[in-house]
Amino acid sequence: LMEIPIIYQLYLSIIIFTIGLIGVFLNRKNLIVLLMSIELILLSANINFVSFSNYYKNIIGQIFVFFNLSISAAEAAVGLAIIVIFFRKKGSIHVDDINTLKG
């Protein structure tokens, strides 16, 4: 069996993290794209955990990925529920309209 070198896995993680970071900073208007960009950042962290877990032959990193995935799934569910309620109330999902919810 041929193993993928860890440097390629880290390059993949850097690329995914950069795409997520660019999505957070360039698109501040749409909440769904903002949540997807945050999920990409968390995915790059998970790739790092799995890569180093495999490199050091330790399962702790992979166990931490399961916790991280459950947290990100809960974050996505709560975030999408908030977006649906916000869309029903205001009719848009623009970040600039969130200031109207003060109270």
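The values are calculated or read from the model by the stated rules, or taken from the named source; none is laboratory data. Just so you know, these numbers come straight off a predicted model, no measurement behind them. Quick reminder, even Gly has a Cβ in these numbers, built from the backbone with ideal geometry, and neighbours come from all protein chains shown. Note: areas computed on protein heavy atoms with side chains; ligands, DNA, RNA excluded. Shrake-Rupley method; radii C 1.70, N 1.55, O 1.52, S 1.80 Å.
In the complete set of protein chains, residue-level accessible area for LYS90 is approximately 90 Å², probe 1.4 angstrom. What the phi angles of region 40-56 give under the Karplus curve with 6.51, -1.76 and 1.60, with θ = phi - 60°, is a coupling list of 5, 5, 5, 5, 5, 5, 5, 4, 4, 4, 5, 4, 6, 5, 6, 5, 8 Hz, glycine and proline written as x. Length available on full extension from ILE85 to ASP97: 0.36 nm per residue minus the Cα-Cα distance, which gives 3.0 nm. Lys-Lys pairs in the chain that are eight or more residues apart or on separate chains and whose Cα atoms lie under 18 Å of each other come to 4.
Could you work out how far helix 60-90 tilts from the main Cα principal axis of the chain, as a 0 to 90 degree angle to the nearest 10? Approximately 10 degrees, to the nearest ten. Taking Cα atoms only, the orientation of helix 6-26 departs from the longest principal axis of the chain by about 10 degrees. Estimated from helical segments only, the mean residue ellipticity of the chain at 222 nm is -27000 deg cm²/dmol, where each DSSP H run of four or more residues counts as -39500 (n - 2.57). Region 15-67 and region 75-103 have Cα centres spaced 24 Å apart. Oblate is the label for region 36-77, because a/c, from the alpha-carbon gyration tensor with a ≥ b ≥ c as root eigenvalues, is 1.5 or above and a/b does not exceed b/c. A Cβ-based charge dipole, computed about the Cα centre of region 32-103 with Lys and Arg at +1 and Asp and Glu at -1, lands at about 140 debye. Positive-end ranking of PHE87, ILE38, ILE6 along the dipole of the chain, with charges on Cβ about the Cα centre, is headed by PHE87.
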